[in-house]
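The values are calculated or read from the model by the stated rules, or taken from the named source; none is laboratory data. Model, not experiment: these values are computed from the prediction. Every residue, glycine among them, receives a Cβ derived from its backbone with ideal geometry; neighbour counts consider all protein chains shown.
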């Protein structure tokens, strides 16, 4: 049973004994075909927006326009989407002053090379691009979130005549789904606002999980922030394993996004198949650049591995851990449950940067051992309370040694971020 797993821009292979192989969890996404080109899909969605006028109509008489775009950690095919958005805005108002605002949330700054790779050299050279900095940029408070936290947003998103966003929709391990309202929160909010929204109480909430929007407290904050910021129009796509667009929605931040989420649920949901060992990935580049992002893929395996089983996680992690706070929360305390209790004893206004990711990783580690295949230093992986490896065969041997079972059952999830395990 030769299985292939995305790793960076390449693939890793493993020959799994047939008597151990219990099954593979793969979404319908990767076999889904729309019958249209990527450009046709986006154009069609923009011509028939959901719950909104067309972008061209919205742009009429709008002098200042801000377009929020995802950062380097998201596989949004901006080379396809952004030219179409800019074209429609300028059809409505040829003299519009357009700013592309990169929604980094609390991530590091997107580099020049990453911007060129994302948009192409023409847009990079000709358009005004600003990278959001949650700690340094001019911000404005626009109200109080339903959760009670202050809603503080980048001034460029507020002091504009029209706010638009591009993005993509995939399962999200605590917001339910990515895309839509996430362009504003956490995308272009202050660190204080992101901390309040990502508090330990919400992360522990049973509704704050993959595939759920209704009564999800994290989503409720996010959609409130997007509406309060007057996000008027979104273009959101669904991409396959090759990062090609297979579905597109446009229009109202809530109504259009929900239609996109319904499509993702239809394509992505799979039934859990519980096994001793679950092998998974973060879908390759760009989502497997660091350990921080890789926690997402681990949660798919968490839903299918037995208690005290083993997860083998593959993520190239060439960018290291992905967050200093995340690293030290995991590395500086040997007892991960002491760290977890510290998070739970803090109120939402005392939320520490990255603690949500640490909280979820600790939850995963309390269910299963994690063997982590990457290009990151072994010591770094050990400091995250995981077992380092650089080879799939070696990782499987380590898993069998941990379980003391040479015939342990194995389930594979080739793309851990493209399944909703139910």
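Observations
- Residue 58 falls short on exactly one of the conditions (1) within 26 Å of the chain's Cα centre (by Cα); (2) closer than 30 Å to residue 162 by Cα; (3) crowded, with 18+ Cβ neighbours inside 10 Å, and that condition is (1).
- The strands (runs of 3 or more DSSP E) found wholly in segment 94-199 and carrying at least 1 residues that are farther than 22 Å from residue 233 by Cα occupy 139-144, 150-154.
- Filtered by the rule that a residue be part of a helix (DSSP H, G or I) and buried (at least 23 other Cβ atoms within 10 Å of the Cβ), segment 300-329 gives 300, 301, 302, 326, 329.
- Of the listed requirements (1) crowded, with 21+ Cβ neighbours inside 10 Å; (2) over 21 Å from the mean Cα position of the chain (by Cα), residue 102 misses just one: (2).
Conditions tested, residue by residue: (1) assigned by TED's automatic domain parsing to the domain that holds residue 256; (2) closer than 15 Å to residue 224 by Cβ; (3) over 22 Å from the mean Cα position of the chain (by Cα); (4) buried (at least 18 other Cβ atoms within 10 Å of the Cβ).
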residue	(1), (2), (3), (4)
122	yes, no, yes, no
125	yes, no, yes, no
130	yes, no, no, no
136	yes, no, yes, no
142	yes, yes, yes, yes
146	yes, yes, yes, no
152	yes, yes, no, yes
159	yes, no, yes, no
168	yes, no, no, yes
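- All positions within segment 328-347 that are within 21 Å of residue 107 (Cβ to Cβ) and touching a helix residue (DSSP H, G or I) at 6+ places or on another chain (Cβ under 7 Å): 329, 330, 331, 343
Residue by residue, here is whether (1) touching a helix residue (DSSP H, G or I) at 6+ places or on another chain (Cβ under 9 Å); (2) modelled with pLDDT of 95 or more holds:
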| residue | (1), (2) |
| --- | --- |
| 236 | yes, yes |
| 240 | yes, no |
| 244 | yes, no |
| 247 | yes, yes |
| 256 | yes, yes |
| 259 | no, yes |
| 263 | no, yes |
| 274 | no, yes |
| 280 | yes, yes |
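- In segment 27-55, the qualifying residues are those that are surrounded by fewer than 21 Cβ atoms within 10 Å (Cβ to Cβ) and within 22 Å of the chain's Cα centre (by Cα), and the one that is farthest from residue 422 (Cα to Cα) is 38.
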